[in-house]
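Structure record follows, encoded as structure tokens.
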């Protein structure tokens, strides 16, 4: 039997993606050797760290890729571990050498960064963040979430994540759920443990999430902010000056008034206000009517008043209805946009994601590095 060529095997391995880094194992120099003996192929793969939690996935995907090559009758995968020098080379390939900066501030970055804010707690800001992220990813975008609500983190649970992220020396790999990359302080502390930090520590934690985490090339980064206009909101404006605000409110007049304060921070931070999202807008009844549990008009009022205050257009981007399946999905770690795609809430998130997807990752205001001749 004629065995396969090494080039054919290596080409097949380019389709094996590291589940955490989201790059080919060939590109990452994880393929140490390929040994071909007739129809048997033995591939030695170097894991980034000993005891890599996804080694079984890498092994399975490697076997499947090589088994599809003509002439292969048997596949064996041997796992090794990168040396410190090899890890350093891989990190430099991914992040570059020298001082780490925030990749989303680089002139060549086309990532749209949205900070999802609210004036008060309990308006569903985190469930909006989780479902919007998954809906954007479902449309083919590369999406990440920074759970910046350090005190009240909830994103990991809403997306069904547990355990700690993998560290490759100083580089942290975000966990991935439903094709969304996620980083949260909740991945480092027990669920019942309170985080008791003051402003400088909060700022440093957020900075590490942006500089030490390997995000790769994202289309959209969402930051789930804590309620109000405190330290984290100010830090986001300082660390990510190009970020845009999405303000979440409910229809209730009292909640809308507080939401306006969260949006008006843009006058001081010079951020752009991308729009307003009204959550819990109504409940659809079995007979087709709508019950406006929290009143009506809050979202439109916030958008109108902020537009006047900021002298810019502030659209009401979406009205998300009350939906039991949304709450159930959040508790189960499966967002409603996946678990109940035909539900009223899921359809509203789909509309919201589509409106944001159409917004260009434009080059307006960016230096192109060109000079006249």
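Miscellaneous remarks
- Taking the DSSP bridge list for the chain and keeping only pairs wholly inside it, about 25 percent are antiparallel.
- Relative contact order %, the chain, counting alpha carbon pairs below 8 Å whose residues are six or more apart: 16 percent
- Relative to its residue count, the range 214-349 spans a Cα convex hull of 135 Å³ per residue.
- Considering only the range 6-95, percent of DSSP beta bridges that pair antiparallel, nearest 5: 45 percent
- Residues 185, 102, 277, sorted so that the one with the fewest Cβ neighbours within 10 Å comes first: 102, 185, 277
- Cα long-axis angle, helix 125-138 against the chain (0 to 90 degrees, to the nearest 10): 50 degrees
- Estimated from helices alone, the mean residue ellipticity of the chain at 222 nm is -10000 deg cm²/dmol (sum of -39500 (n - 2.57) over DSSP H runs with n ≥ 4, per residue).
- Choice from 328, 37, 278 with maximal GNM fluctuation in the chain (Cα, 10 Å cutoff): 37
- 0 to 90° range, to nearest 10: angle between helix 199-211 axis and the chain longest Cα axis: 40 degrees
- Distance between modelled label sites at residue 290 and residue 169, nm, 7 Å Cα→Cβ extension: 5.6 nm
- Computed over the chain with a Gaussian network model linking Cα atoms closer than 10 Å, the most mobile of 34, 25, 265 is 34.
- Computed E for residue 261/residue 328 - FRET, C-beta separation, R0 35 angstrom, nearest 0.05: 0.65
- Taken along the Cα-to-beta-carbon direction at a fixed 7 Å, the label points for residue 342 and residue 105 span 4.8 nm.
- The alpha-carbon atoms of the range 12-118 define a convex hull whose volume equals 156 cubic angstrom per residue.
- Fewest-first sequence of 355, 192 by Cβ atoms within 10 Å of each Cβ: 192, 355
- Here the spin labels are modelled as points 7 Å beyond Cα on the Cα-Cβ line, and at residue 89 and residue 179 they lie 3.3 nm apart.
- Diffusion of the range 176-262 by Stokes-Einstein, at 20 °C in a medium of 1.002 mPa s and with Rh set to the Kirkwood radius over alpha-carbon pairs, works out to 142 µm²/s.
- Taking the average, over residues, of other Cβ atoms within 10 Å as the packing measure, peptides 207-215, 148-156 rank 148-156, 207-215 from highest down.
- Of the peptides 78-91, 235-248, 4-17, the ranking by mean beta-carbon count within 10 Å, highest at the top, reads 235-248, 4-17, 78-91.
- Three principal axis extents of the range 233-309 based on alpha-carbon atoms, in descending order, are 49, 20, 16 Å.
- Semi-axis lengths (Å, descending) of the ellipsoid that matches the C-alpha gyration tensor of the chain: 42, 24, 19
- GNM flexibility winner over the chain from 283, 291, 171 (Cα, springs under 10 Å): 291
- Folded to 0 to 90 degrees: helix 253-264 orientation relative to the chain principal axis, Cα: 60 degrees
Values in this text are rule-based calculations from the coordinates and carry no lab data. For clarity, every value in this text was computed on a predicted model and none was experimentally measured. Reconstructed Cβ throughout: ideal geometry from the backbone, glycine too, with neighbour counts over all protein chains shown.
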